[in-house]
Amino acid sequence: MDLTYSPEDRAFREKTRRWLDVNVPKDDAKTLDERKAWHRRLYEAGYVGMLWPKAYGGWEATPMQQAIVQDEMARAGAPPAINGLGIGFIGPTIIVHGTDWQKQRYLKTMLTAEEIWCQLYSEPNAGSDLASLTTRADDQGDHFRVNGQKIWTSSGPIADWGLLLARTDSKAPKHKGISCFLLNMRQPGVEVRPLKQITGSSLFSEVFMTDARAETRDLVGSLNQGWAIAQTTLGYERGANSLGRVTRYAIAFSQLVRATKELRRGGRPLLEDPVVRAKLGKIYAELEVQRYAALRVLSSLQKGESPGPASSITKLSYTEFEKRYFELALEILGPWGQLIAARDEFEEVDTSSGEPGTWATAFLWSRAGTIYSGSSEIQKNIIGERVLGLPKEVRADRLKA
Amino acid sequence: MDFAFSPDQQLLKNSARAFLDEHMTPAAVRLLWDDPRGESEATWKEMAQLGWLGLSLPEAYGGSALGMVESAILLEEMGRAACPGPYFPTVLAARAIEEAGSDAQKKRWLSPIATGDARATIAFLDADLDWRPDAIQTRAETTAGGWALSGRKQFVPWAHVASVLLVPAKTPDGLTLFLVDPGAAGLTLEPAQMMDPATRLASVTLEGTPVTGAAVLGKPGQAGPLLKALLSRGAVGAAAEMLGAARRCLDMAVGYAKVREQFGQPIGSFQAIRHKCAEMLLEVENSHAAVYYAAWALDAKAEDHDLAASVAKAYVGDAARRVCGEAIQVHGGIGFTWEYDLHLYVKRAKALEAMYGDADYHRELIVRRVAA
């Protein structure tokens, strides 16, 4: 056991920090063109696609280096790269399951953010039970005709392409009739409608597909093998955000401490109230444990070990912590914590969500993490069945299948 | 960076597991529960032979000079076995003697501790039940022959078997640590019956108890920082033991959920049970990260080692309480019986939750460090 960073990792961190000092845009990249330009600079510096094979334009860096970059970006308040879902998840899916033609056509422009990608998985009636999806892709000989509705699509309005799960055999058992496609989002049969969230903003969309066209050459893997592809755990971005996330928590914590010094109640700063102190101590202890756990995961990834279903523990752990964190913060801060528009810089906070805002923004966003990418309940099922080896539950759809 | 145990550390863990599985079966622990001394002399001697008692002592005194990570590995296994005995109080007291003692004091105590011929303990808590060294009210007054100690110490671990007590007391120079013979005049030991029968605690009343000048450990007035450092170490050690007890409770709950059937199926197939078990695993794994980060930080003298010790004690104390409690719930009625072994581990963790500063105490220390 040795938790010191290697000299190489320390040097890499220094180099990254210097690069960010010089290159982080002074005014936040706000327009799509500005964000794409920033993404491109990150890519060219070797900070995007870090774990991708060099053959596909990646950098073959280590998981630790990737985590260090995200950590330093959090520290520097740098805008994130733009094509996160593409590079973290869709690209690796194409690398593992795609044809040579698909790799040639799509991977490079994904890395450089010339083309933005989204994921077309969830449907209004297929959330946790994703395999019950009803969007259809009917074989027309040279292409598939796609009809249906998707929801919770990140980057929907700016996406050029989507990774689509659609039903290609309605008679087969539900897990066995699904195929995976690359769908052109810029076509008449695809309509994207932004979805307003409880935060007031619209980072997600609904996507309506009406006689949309998916080319046969854009089928990923074999017909009706889409579920297996969607289940593949792809490790290219695993642990990438682990350190950066904790750094954002810590930056927000120092802002919280500052607020408890400046805000007064009962004739004294909040920080002098023992109840407030107990809550601060609880947040900080948990925040540090998140950091230790992140180091543990990274050290295992560095050795080439795959956490497998144990990564569900990580996801469950930090998303549930975020809820407790911001609940406690709002308890401490009272009505001041519920400001949804900042009146000055003091009232802004690093929300951990990628969307700038106030403590109220962060609080609202913390409700999303335990729902997306497999809700806490789904993660607990995975942990129970695949990590602890508890018996599978008797499920109505399994009885039918 | 490597968070995994080294091959040597893994070997230590495996051999501790094997030894305790053989010698500290639930039946053996129960026998010691009913034993007036509460510990086994034979096991103690074997632990000495295995090198456990001298694990972190200098080689000059028969030790192996290993670190807190190795201690935590042993303590986790002891917690997992609910192993009764003065192991941790003794090694913690040995640490104090090693840090602050004169050559004569080290010779007198460290070698006998390593060979299993002496046991020691530290009387942290005073009449006031506050873990902060500043709160200590016990006084030492100078006499012709040395000092006379007066005061009341409470919940002193394993004082009834200790060969020497480490007693902090206020002197005109400030807080000072004394090596006190438990048989000294004016000293009364009063064992307390605790919820965990494996945790033997006693009150120690000192009424002008005489000690010589040679009984001062370290410089007079300098005991405060030493006690704080020992409390950090105590917090990490207690967290390691709680981790072991909590993991045992989790393992038992999962094992039971796989075989216990109700409504025609194993109860572990119900989400109400499975989700509980998943949450327990989450807290146990996070506790592992907290314990071993803190142990490593102490060994590496990392800048945040005191903070990490408080984080570990606060987090693991809460986590172990929840995990052990939920293990009873998963078991249902059988978990509430004296006959079933689950309560050995539940009580072990509970006892340590209150020692070396509870979660509230350590959360306050954390806030002092990070919100100054």
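The values are calculated or read from the model by the stated rules, or taken from the named source; none is laboratory data. Please read all numbers here as calculations on a predicted model, not as lab measurements. A quick note on method: Cβ atoms are made from the backbone with ideal geometry, for glycine too, and the neighbour counts reach across all protein chains shown.
What to note about this one:
- Reported count of residues in the stretch B:101-160, each being part of a loop (DSSP other than H, G, I, E, B), over 21 Å from the mean Cα position of the chain (by Cα) and not assigned by TED's automatic domain parsing to the domain that holds B:L53, is 5.
- Flag if B:R363 is over 22 Å from the mean Cα position of the chain (by Cα), part of a helix (DSSP H, G or I) and closer than 30 Å to A:V257 by Cα: no
- Scanning the stretch B:315-352 for residues that are of a type in the set (S, T, Y) and either within 14 Å of chain A (Cβ to nearest Cβ) or part of a helix (DSSP H, G or I) (or both) turns up B:Y315, B:Y345.
- So A:A230, is it in a helix (DSSP H, G or I) and closer than 18 Å to A:D129 by Cβ: yes
- If you filter the stretch B:255-268 down to residues that are facing chain A (nearest Cβ under 7 Å) and either touching a residue at least 40 places away in the same chain (Cβ under 8 Å) or surrounded by 22 or more Cβ atoms within 10 Å (Cβ to Cβ) (or both), you find that the one that is farthest from the chain's Cα centre (by Cα) is B:G268.
- Selected residue (criterion: farthest from B:S203 (Cα to Cα)) from residues of the stretch B:117-147 that are crowded, with 20+ Cβ neighbours inside 10 Å and among the small types (G, A, S): B:A140
- Residue satisfying condition, being surrounded by fewer than 17 Cβ atoms within 10 Å (Cβ to Cβ) and either over 25 Å from A:T232 (Cβ atoms) or within 21 Å of the chain's Cα centre (by Cα) (or both), within set A:E72, A:E34: A:E34
- Residue check for A:T153: of a type in the set (S, T, N, Q) and surrounded by fewer than 21 Cβ atoms within 10 Å (Cβ to Cβ): no
- Within the span defined as the stretch B:44-55, one or more residues are crowded, with 22+ Cβ neighbours inside 10 Å, of a type in the set (F, W, Y) and not assigned by TED's automatic domain parsing to the domain that holds B:M195.
- Matching residues in the stretch A:12-32 - criterion: being modelled with pLDDT under 95 and in a helix (DSSP H, G or I): A:L32
- The stretch B:1-28: number of residues that are within 21 Å of B:A72 (Cβ to Cβ) and either touching a Lys or Arg at 6+ places or on another chain (Cβ under 9 Å) or more than 14 Å from chain A (Cβ to nearest Cβ) (or both): 14
- Within the set A:V192, A:V207, A:V246, the sole residue that is part of a helix (DSSP H, G or I) and among the aliphatic types (A, V, I, L, M) turns out to be A:V246.
- Cβ-Cβ under 7 Å pairs, at least 6 apart or on other chains, the stretch B:175-200 side outside the structural domain of B:L344 (by TED's automatic domain parsing) and touching a residue at least 24 places away in the same chain (Cβ under 8 Å), far side assigned to a loop (DSSP other than H, G, I, E, B) and charged (D, E, K, R): B:P191/B:R200
- For B:A290, the requirement of being assigned to a helix (DSSP H, G or I), at pLDDT 95 or above and assigned by TED's automatic domain parsing to the domain that holds B:A359 is met.
- Among (1) within 25 Å of A:R35 (Cβ to Cβ); (2) out of contact with any Asp or Glu (no Cβ under 7 Å at 6 or more places or on another chain); (3) modelled with pLDDT of 95 or more - the single one A:D100 does not satisfy: (1)
One line per residue, one yes/no per condition, for (1) farther than 20 Å from A:T134 by Cα; (2) touching a His at 6+ places or on another chain (Cβ under 6 Å); (3) buried (at least 20 other Cβ atoms within 10 Å of the Cβ); (4) among the polar types (S, T, N, Q):
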{"position": "A:A159", "(1), (2), (3), (4)": "yes, no, yes, no"}
{"position": "A:L165", "(1), (2), (3), (4)": "no, no, yes, no"}
{"position": "A:S170", "(1), (2), (3), (4)": "no, no, no, yes"}
{"position": "A:P173", "(1), (2), (3), (4)": "no, no, no, no"}
{"position": "A:S179", "(1), (2), (3), (4)": "no, no, yes, yes"}
{"position": "A:L182", "(1), (2), (3), (4)": "no, no, yes, no"}
{"position": "A:R186", "(1), (2), (3), (4)": "yes, no, no, no"}
{"position": "A:R193", "(1), (2), (3), (4)": "no, no, no, no"}
{"position": "A:Q197", "(1), (2), (3), (4)": "yes, no, no, yes"}
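- Qualifying residue in the stretch A:299-307 (condition: in contact with a Ser or Thr (Cβ under 9 Å, 6 or more places away or on another chain) and within 26 Å of B:V236 (Cα to Cα)): yes
- Of all the residues in the stretch B:303-314, those that are within 11 Å of chain A (Cβ to nearest Cβ), under 17 Å from the mean Cα position of the chain (by Cα) and not aliphatic (A, V, I, L, M) number 2.
- Residues of the stretch A:1-14 satisfying the condition of being surrounded by 14 or more Cβ atoms within 10 Å (Cβ to Cβ) and either away from chain B (no Cβ under 12 Å) or over 30 Å from B:L11 (Cα atoms) (or both): A:F12, A:R13
- Test: residue in the stretch A:356-366 that is in contact (Cβ under 8 Å) with a residue 40 or more places away in the chain, surrounded by 21 or more Cβ atoms within 10 Å (Cβ to Cβ) and closer than 21 Å to B:A308 by Cβ: no
- When residues of the stretch B:37-63 are limited to those that are charged (D, E, K, R) and free of Cβ contacts under 8 Å to residues at least 24 places away in the same chain, the one nearest to B:G116 (Cα to Cα): B:E41
- Every listed requirement among (1) buried (at least 23 other Cβ atoms within 10 Å of the Cβ); (2) in contact with a Ser or Thr (Cβ under 6 Å, 6 or more places away or on another chain) is met by B:M78 save one, (2).
- Residue pairs whose Cβ atoms lie under 6 Å apart, separated by 6 or more positions or on different chains, with the first residue in the stretch B:353-372 and within 10 Å of chain A (Cβ to nearest Cβ) and the second outside any helix (DSSP H, G or I), are B:Y361/B:W131.
- Residue-level check: of (1) in contact (Cβ under 8 Å) with a residue 60 or more places away in the chain; (2) part of a helix (DSSP H, G or I), A:S201 misses just (2).
- Any hit, the stretch A:356-368, residues being closer than 29 Å to A:F89 by Cα, modelled with pLDDT under 90 and out of contact with any Pro (no Cβ under 6 Å at 6 or more places or on another chain): yes
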